[in-house]
Amino acid sequence: MSKSAKNPSTASAAPVPTAKPSAQVAVEPKTKKAVAGSKQARVITMLRSPNGTTIAAMMKATGWQQHSVRGFLAGIVRKKLKLNLDSKKIDGSRVYSIKGAGGNKASARQSKRRAA
């Protein structure tokens, strides 16, 4: 009599050892600053300009789609960076800009740390 194919072999049921991560791997802390020259940094620079910028201009500068630009404005600029994003409708097109004290919040914090 032969064994049925449905019964698993006891040799194959042994646990497979998992690879453990090495202790030498350096973990870089996440920061809230955009990397200089990155798409995010370019958009923030455009938003800080005195005239502001449109979604179409941000799309052209980054290659992002419209919904991605809107998501960046809401998720990163407003929520994560906590910048004061202002929008106005000028001549039928919406213009976005960073206004007020919220735009200088990070540099003000850094100045306080250096003074202390």
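The values are calculated or read from the model by the stated rules, or taken from the named source; none is laboratory data. Computed from a prediction, not measured in an experiment: that's the story for all the values here. Surface accessibility is based on the protein's heavy atoms, side chains included, excluding ligands, DNA and RNA. Shrake-Rupley method; radii C 1.70, N 1.55, O 1.52, S 1.80 Å.
Yes/no matrix, rows are residues, columns are (1) open to solvent by 60 Å² or more (accessible area, probe 1.4 Å); (2) of a type in the set (Asp, Glu); (3) modelled with pLDDT of 95 or more; (4) on the phi > 0 side of the Ramachandran plot:
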position	(1), (2), (3), (4)
9	yes, no, no, no
17	yes, no, no, no
28	yes, yes, no, no
47	no, no, yes, no
61	no, no, yes, no
67	yes, no, yes, no
72	no, no, yes, no
79	yes, no, yes, no
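Report the residue count in the stretch 45-99 for those that are in a loop (DSSP other than H, G, I, E, B), of a type in the set (Ser, Thr, Tyr) and more than 20 Å from residue 35 (Cα to Cα).
Here the count works out to 1.
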